[in-house]
Structures are given as structure tokens and as C-alpha cells.
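Comments concern the structure below.
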Amino acid sequence: MIGLRIVWALVGLAVAAAPARAQGGSVTFTEHVAPIFYESCTTCHRPGQVGPMSLLTYEDARPWARAIKQKVADRDMPPWDADPQVGTWANDRSLTDDEIATIVAWADAGAPRGDRAAMPPMPAYADSAWTIGEPDAVFSIPPFEVPADGMVEYTYFEVPTNLTEDKWVQAVQVMPDAMAAVHHIIVSARSELTPEEVEARRRVDPGIRLDREILPGDEIEWNPGVAQLEGRSKGDSLGGTTVGNDGVSIFAPGTARLLKAGTTLVFEMHYTPTGEPVVDASQIGLVFTDEEPDQVVWPGAIVHGQFAIPPGESNYKVEADLTFAKDVKLLNLLPHSHLRGVRWDYEAVYPDGRRETILSVPEYDFNWQIDYIFDEPLSLPKGSKIHAVSYYDNSAANRHNPDPTVEVRWGEQTDEEMMFTALSYLIDEEAGTVPTQQQQ
């Protein structure tokens, strides 16, 4: 699962929008299509990334023109599952009707190259595996052999940073090594906390709260790392990546994450065997800033784990709230459920009783777990809450359902389920307390 991740005031990596297609004029790769690809596609579709082919050059893209046309015309690509009528998003990679028409016209015309001189500059990340630029520090897990088959339990690696002073983190990128075998990575930062700090944060951070507790009523161990970590906390979520997510977090100017001296990074690795044994040595890259930020980015989560989805149930609903005890600015929401998850809805409920839908994901897709980053941070006054609702289809009609005949509860593996949302926020009064969560 990734929600634990993330977290994140990601700033979109933008390039100039595609020039408008002249009425009746010819559509070419260099002048019209490449700018669209660079804006919405090539963070994934470039060498070393999750996309199955690169779209950086004409030679890369030309053989795939017909397939690209079909995917964009069906709105399967680029993946973006949010309801376009709700909210505006800094990282919205969906294509406009005009952009889709441009790509379709290009493919229908035989995918012409066009004037080489009209080719836009390559994106800044094109020559590097690191979308965030060259990191100031890179930390890796030791090589781990993923078997060819079978189920691999969550695997944990503790990687010391050996930092001798506190650092402000401006950007994070989590990079899988054996990409095909890595289902998700969550990297947490564990530092020494006083008992007061633990108590102040234990109700919002699963890495603190759940290392120490089994939820009452169900023998569910929420933190699968307890045994491997011998009771040591995972700490605060710092970054991560999962199916359909690029693992990049770039914090807005004037904001940053604090990485304390002596921090240990804890990698939570979920591997899925591919039929061939592979060796993985995944990494996290960090970009530091010397400037103390105006505000600190805080990670949070909305979680509910005490559910039981009946066999055959096609519309099972789970609800949970997160209430803020200070004025905050909400930066992002990243919904996470597994193969039976089909929909997510979020409302902001204000102290005066007003309710506002802030995100709707009507067709949640486990294969594309998207971090929805507000175009403008959402201001929430003290006492506001986020009401999250997730829906599950455990019926035979769900073609992704591993087994519609079983009752489904919280669990790590994809044939189990989760109700988890990662988020991040700024506290308008930095000395404020953390939010509290309620389950329903």
C-alpha cells in the first residue's frame, strides 16, 4: 500500500502547452504532438520508467502511433480518474478534447514527423533517471533477491542516513530498481522522539500509533513491520511509489520536510514475483535546501481497518473522518484500496456545518494510484474535518475480484483490502497540534 507515503506538495513539471492545431492544417509530431507528450506523458514514458515504451523522440513514438491514438481516444491514457467537475489539480495530466483530437489527427495522417527545427526542447529530466534533478543524497537498500514465484511477505530494510545535522528536504524521489517485481515502496524517516512528541502525534500517524497497538475488537496487526523491526517504529512517511505513481514529491517554495540528524530510513518493500528471480536494490533520492522554510509539510492519513466485506457484496461502503485541531492548508489526497476498491469520495465539513465535495474518484483503478494535488492548497479552519468514503465490489461482476465467495478484511496483500488515504498539510500556526481521526 502506498498511502503511507506520500505526502507531498508536488509541483507539476510543466512545459509549454501544445500549439493550437490550425484549422485544416497538417498535424506533425514536432510542432503539435511532442509538446503534448512532454507535458502529460514522458515522466512515465521514457527509458528506465514505468511506461512500456519511450515517447521522447519521433523514432520512439512513430511505431506506436495507432496504439497511442486508441488509448487517448478512449481516455485510458494518460491515467486520470478524478471527476473533472470536482476540483482543480496541479498535476492533472488528463488531455483536453483538442489535445486528443490533435493526436488522433496525427495518427490518421500517417504520423508525420514535421520540421525538425520545430521540435521543442527535451524535458529537463530526459537525460537523467532522477525527475527531481541530481539528488544531494541517495540511500539504497542492500541487494535483495526476489524469488521467481510464491508470495513474498512485506520486507523491511533499515538504512541509516548518518546525518550529523538536521536537513530541510525540498524534493524526494523513490526509485524502484527491479521495477516489474516491485509492487510498492514506502520510505519512512525514523528519528528519536520525546514521549511528548509521540503522544502528540500518535493519533494521526500509523507509523507511530500502530507500531504499538493492535486495534480493539479484531486481531489485526496494522503495522506488518513490527516483527521484522523488533518493535521499532517505522517513523514518519517520507516518500513512496506504487503502481501508476512516479514516486516524485517536490515541495512548493517556502515549504519543506524536516529530516533530523541521525535519522534512519525504513524501506517497506512489497514484492510481487514475476516468474523469474531478480535482484532489487531500490533507492530514495533527496534534494536539500539550506533555507529554513516558512512552513513545514506534515504527513497525515485517513485510515479505517475494522471492516468485513461480505461475500458477493457489490457496493460495500467504509467511512472515516480526520478532524483538524488547527487552521491548516490541505495539499493533497492519495486514495488507496486494492482490487475490490471501485470508488472514493471526499468532503470537507466545515465548523459551520457547510459541506463541500473536494475530490471524487468515480472509477478507482488499483493499477493507477494517483496522488491528487490541489492546484491551490485547500484552507480548512480549526475544527474542519475531511470525510472520506470508499466503496468496494466483492461480487462476481467485478472482473478484478480474486474471489467473490470470501469475506474480505484489512490486509497487506492485494487479495485483501485497505481503506487508506495519504495526505499532507501545512499548519497555519506551526506550534499547533496534529489532527485526530474518527472511524465510522
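No lab work stands behind these numbers, since they all come straight from the coordinates. On a predicted model such as this, the values are computed, not experimentally measured, just so you know. Reconstructed Cβ throughout: ideal geometry from the backbone, glycine too, with neighbour counts over all protein chains shown.
Pairs exceeding a 20 Å alpha-carbon distance, out of LYS329/LYS382; LYS234/LYS329; LYS167/LYS329: LYS234/LYS329; LYS167/LYS329. Among 137-145, 240-248, the peptide with the highest mean count of other Cβ atoms within 10 Å heads the list, and the full ranking is 240-248, 137-145. Over the stretch 29-118, Cα pairs under 8 Å with separation of 6+ residues give a relative contact order of 39 percent.
Counted by neighbouring Cβ atoms within 10 Å, the residues ASP177, ASP345, ASP136 run from fewest to most as ASP136, ASP177, ASP345.
Cβ crowding within 10 Å ranks LYS329, LYS317 as LYS317, LYS329, fewest other Cβ atoms first.
The magnitude of the dipole of the stretch 29-118, with charges of +1 and -1 set on the Cβ of Lys/Arg and Asp/Glu and taken from the Cα centre, is near 380 debye. The 3J(HN,Hα) values that the Karplus relation (6.51, -1.76, 1.60; θ = phi - 60°) gives for the stretch 338-344 are, in residue order, 10, 5, 8, x, 10, 7, 9 Hz. Gly and Pro appear as x.
Amide hydrogen proximity for VAL146: with H placed 1.01 Å from N in the peptide plane, the residues at 5 or more positions away or on another chain lying under 5 Å are VAL278, VAL279, ASP280.
If you take the Cα centroid of the stretch 258-331 and the Cα centroid of the stretch 170-193, the two points sit 10 Å apart. In terms of surrounding Cβ atoms within a 10 Å radius of their Cβ, ASP327, ASP149 rank from fewest to most as ASP149, ASP327. The SER128 and ASP403 beta-carbon pair, evaluated with R₀ = 41 Å, returns a calculated FRET efficiency of approximately 0.45. Dipole size of the stretch 248-394 about its Cα centre, with +1 on Lys/Arg Cβ and -1 on Asp/Glu Cβ: approximately 440 debye, rounded to the nearest 20.
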